[in-house]
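Below: the structure, in structure tokens.
The values are calculated or read from the model by the stated rules, or taken from the named source; none is laboratory data. Please read these numbers as outputs of a predicted model, since none were measured by experiment. No Cβ is skipped: glycine too gets one built from the backbone with ideal geometry, and neighbour counts run over all protein chains shown.
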Amino acid sequence: MNKAEAIAIANESLQSNALNERNTQFSQLVRYVNDEGWWLNIPLANFRRENHFLICSEKARIIRHIMLKPNCILSPATKFRVKDGVADVFISAANPKKLVDILEGGTKYSFNKHLIDEHRY
């Protein structure tokens with residue numbers, strides 16, 4: 001699975017062309033320390049515009065679609081670990097229903113309220 005394929009699956013499921021290369025980030029399930037999950041690297045300026053994130057689990061054959069509306073997270077630099085103006089987020093797959101950032105230096109922010117849909121393929 002790659003980003004273009006994930007966007008096509010999500011757009012087909014949504015019956016729209018809302019997602020594209022510019023407004024969407026894609027993440028595959030990866031290993032991190034003793035966990036598996038998804039990395040999101042979000043430039044702080046991007047929190048002022050709409051962002052879509054497609055996090056893919058090929059084992060489960062599911063793509064979770066997360067959308068952040070403009071300014072829905074105020075002061076993101078205080079909620080996430082930030083390096084060089086980019087919020088580093090690692091969402092653990094241990095409990096995919098919670099969609100929580102588990103990185104040290106963050107506030108354990110849950111993206112669950114931003115979950116739009118789950119696309120099966």
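Output the residues belonging to the range 84-98 that are at pLDDT 95 or above and either farther than 16 Å from Phe53 by Cα or assigned to a loop (DSSP other than H, G, I, E, B) (or both).
Those that are at pLDDT 95 or above and either farther than 16 Å from Phe53 by Cα or assigned to a loop (DSSP other than H, G, I, E, B) (or both): Asp84, Gly85.
Say whether the condition of being surrounded by 15 or more Cβ atoms within 10 Å (Cβ to Cβ) and touching a helix residue (DSSP H, G or I) at 6+ places or on another chain (Cβ under 8 Å) is met by at least one residue in the range 27-41.
Scanning the range 27-41, I find no residue that is surrounded by 15 or more Cβ atoms within 10 Å (Cβ to Cβ) and touching a helix residue (DSSP H, G or I) at 6+ places or on another chain (Cβ under 8 Å), so the answer is no.
Residues in the range 56-73: is at least one acidic (Asp, Glu) and in contact with a helix residue (DSSP H, G or I) (Cβ under 8 Å, 6 or more places away or on another chain)? Spell out how you get there, then give the answer.
Start the filter on the range 56-73 by keeping residues that are acidic (Asp, Glu), which leaves 58.
Filter once more, so that each one left must be in contact with a helix residue (DSSP H, G or I) (Cβ under 8 Å, 6 or more places away or on another chain): none.
Within the range 56-73, none of the residues are acidic (Asp, Glu) and in contact with a helix residue (DSSP H, G or I) (Cβ under 8 Å, 6 or more places away or on another chain).
Between Phe53, Phe111, which is within 12 Å of the chain's Cα centre (by Cα), within 15 Å of Lys3 (Cα to Cα) and of a type in the set (Phe, Trp, Tyr)?
After applying the criteria, what remains is Phe53.
Tally up the residues in the range 48-85 that are crowded, with 18+ Cβ neighbours inside 10 Å, under 19 Å from Thr107 (Cα atoms), of a type outside the set (Val, Ile, Thr) and touching a Leu at 6+ places or on another chain (Cβ under 7 Å), please.
1
Before we move on, is Val82 on the phi > 0 side of the Ramachandran plot, among the aliphatic types (A, V, I, L, M) and out of contact with any His (no Cβ under 9 Å at 6 or more places or on another chain)?
no
What number of residues within the range 3-21 are within 15 Å of the chain's Cα centre (by Cα) and not polar (S, T, N, Q)?
The number of residues fulfilling the criteria is 6.
Is it true that some residue in the range 64-83 is touching a residue at least 60 places away in the same chain (Cβ under 8 Å), closer than 18 Å to Asp117 by Cα and part of a loop (DSSP other than H, G, I, E, B)?
No: the range 64-83 contains no residue that is touching a residue at least 60 places away in the same chain (Cβ under 8 Å), closer than 18 Å to Asp117 by Cα and part of a loop (DSSP other than H, G, I, E, B).
Read through the list (1) in contact (Cβ under 8 Å) with a residue 24 or more places away in the chain; (2) basic (Lys, Arg); (3) part of a strand (DSSP E or B), then give the number of the only condition that Arg31 fails.
(1) is the only condition that Arg31 fails.
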